[in-house]
1. Could you give, in nm with one decimal, how far residue A:147 is from each other copy of that position, shortest first, with labels 7 Å out from Cα toward Cβ?
2. So what is the calculated 222 nm ellipticity per residue for chain B, using -39500 (n - 2.57) for each DSSP H run with n of 4 or more, over all residues, to the nearest 500 deg cm²/dmol?
3. Magnitude of the Cβ-charge dipole of chain A, K/R +1 and D/E -1, about the Cα centre, nearest 20 debye?
4. Per-residue counts of other Cβ atoms within 10 Å, averaged by peptide: what ranking do you get for A:217-227, B:237-247, B:190-200, highest first?
5. When all C-alpha to C-alpha distances in the range A:223-288 are sorted into bins of 5 Å, what percent of pairs does each bin hold, rounded to whole numbers?
6. First compute the accessible area of the range A:100-251 with a 1.4 Å probe, then give the percent of it belonging to carbon and sulfur atoms.
7. Can you work out the FRET efficiency for the pair residue B:173 and residue A:40, with r the C-beta to C-beta distance and R0 = 60 Å, to the nearest 0.05?
8. Could you check the spin-label model distance between residue A:4 and residue B:250? Points 7 Å from the Cα along Cα→Cβ, value in nm.
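The values are calculated or read from the model by the stated rules, or taken from the named source; none is laboratory data. Keep in mind it's a predicted model, so treat the numbers as computed, not measured. Because the Cβ atoms are built from the backbone with ideal geometry, glycine has one as well, and the counts that use them run over all protein chains shown. For the accessible areas, the whole protein counts, side chains as well, though only heavy atoms, and no ligand, DNA or RNA atoms are used. Shrake-Rupley method; radii C 1.70, N 1.55, O 1.52, S 1.80 Å.
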There are 2 protein chains.
Amino acid sequence: MSFLDHIARCNNADLSQFEPWYVGATRAGFLHRDFLPMIAVRPDLFSHRNGGWYLDPSLDTPAKRTAAMREFVLGLRERGLFGRSWRDELYKVAPHFNDPTLLEMERAAVPWFGVRAYGPHMTGYVRKDDGLHIWVPRRSYDKPTFPGELDNTVAGGQPAHIGIFDNLIKECAEEASIPRALAEQAKAVGFIAYWSQSGRQLKPDVMTCFDLELPQDFVPRAHDGEVHAFELWPVQRVYETVRDTNQFKYNCNLVLIDFFVRHGLLRADDRYFFAIVEGLHRTQPPGA
Amino acid sequence: MSFLDHIARCNNADLSQFEPWYVGATRAGFLHRDFLPMIAVRPDLFSHRNGGWYLDPSLDTPAKRTAAMREFVLGLRERGLFGRSWRDELYKVAPHFNDPTLLEMERAAVPWFGVRAYGPHMTGYVRKDDGLHIWVPRRSYDKPTFPGELDNTVAGGQPAHIGIFDNLIKECAEEASIPRALAEQAKAVGFIAYWSQSGRQLKPDVMTCFDLELPQDFVPRAHDGEVHAFELWPVQRVYETVRDTNQFKYNCNLVLIDFFVRHGLLRADDRYFFAIVEGLHRTQPPGA
């Protein structure tokens, strides 16, 4: 592995396998060709023209669109599409999270509709005499997704009805027992964006990166069972583990590479400096 | 002004006014339609097909291409194209600075050929009890370009035969009398990229951003006459000056906005957080 390999691994989507869908003139997401038969049976909900799918324009408010999509997605659930991944948690559909809502959609359905998901990913670090250290959690071995892999200090998906910063504060408490007053010192320092495909599912996701400098005597504790254990690693060990292995969950590598860049661990004259920094922010579809 | 206005101002290029030119299969730059008559008179050097211009393929080494381009550009100089902007300084032509050289080209000619230029831009800051402060230089009133405007602490163009970091060390000494041992603590923390057009000239440039934390008792001094004076400003004053005015040289605003992002001065829930961070890294042509 190398930093560029992690970026490529997070950007494995082949958009030629997908068709876009729209709410009015706004692209809301992408549908895999092999998923289209389940869409095409509902021409009242999705009409097809010029290689794109258009949500019924008579659904002229976010509430109406959310209700119609909920009924449709519940039908897909009954047919077993989402397996055990159903969450009963609404995600916001919008070009960017801070844009007006087009509609809301069950979290499990989001990658099937190629809708951009958001989430805060925080690097909790400690400044010591011998340099930076990062608190590294290992995901619970019971988690349905990526069990036992290494993770960012605190990370979570972004539900519809909470701000990104407030969501981070909540995740800090739940995942790492970081008290509110401390978590509120976290700083939004950028984002990573990538186009990840898994079979018929597409994740054109944007994760907001936060840094939180933690006191030397603070020890994060797993609280909600999502984390197996935390370890405090010298930044160089994190750097080498990201560079040389796949031990971290795929998108967490990008958050850490962004941390390495911002904290000056890469050199401007590195052959791949530009390609790495550029590769962390893929907001446009591959090939666009 | 706002942060997004500065990004838009740096990305004012209309690529429909340009045609690309190539060295082999690699796009080297862009030529303005109204500059093409000066190119078309040399079909031995540039051949036109499929809306693009191709440098004579018999120039099969960087040295041969550099020599042929130098002869051509000297002819343009004799016809007065470059006015007083001639520098006698070679820039590297390459998709990224750390890529292999396609050829080298006189600095004054670079924007006429729409070639990407590089350069280090460093923010020198001081950590005080009351927060960060930034050393802000005002450009000399005698400079031919952007006289009297505010600038990044140290910034310079990137000549061909020196690394980006070594170039920064040199500029630190020349522009701000920062001794080598101190300048070597500067950290490459990212880049900004934009597509700026001025008449027939195009600057699809990439500037490497550096941070340097300076001791509280260090005072930069103008050395080579390029800087009128340095002032130490609280970061909030810099933030407001960037946000509300055009006092900084156009591209220096983007370097400072990147600094504000990385140091956590923007909020994740700001309506324009994503658009701002995304807008700092425009490596692809507008409309691409």
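1. Output for residue A:147: 7.3 nm, nearest copy listed first.
2. About -7500 deg cm²/dmol.
3. For this selection, approximately 600 debye.
4. Numbers: A:217-227: 14.4, B:237-247: 16.2, B:190-200: 20.7.
Taking the mean over residues of other Cβ atoms within 10 Å, the ranking is B:190-200, B:237-247, A:217-227.
5. P(r) for the range A:223-288, in whole percents per bin: 3, 13, 21, 24, 16, 11, 6, 4, 1.
6. Values: 2690 of 5780 Å².
Carbon and sulfur together cover 47 percent of it.
7. FRET efficiency, residue B:173 to residue A:40: 0.35.
8. Those two pseudo-labels are separated by 3.2 nm.
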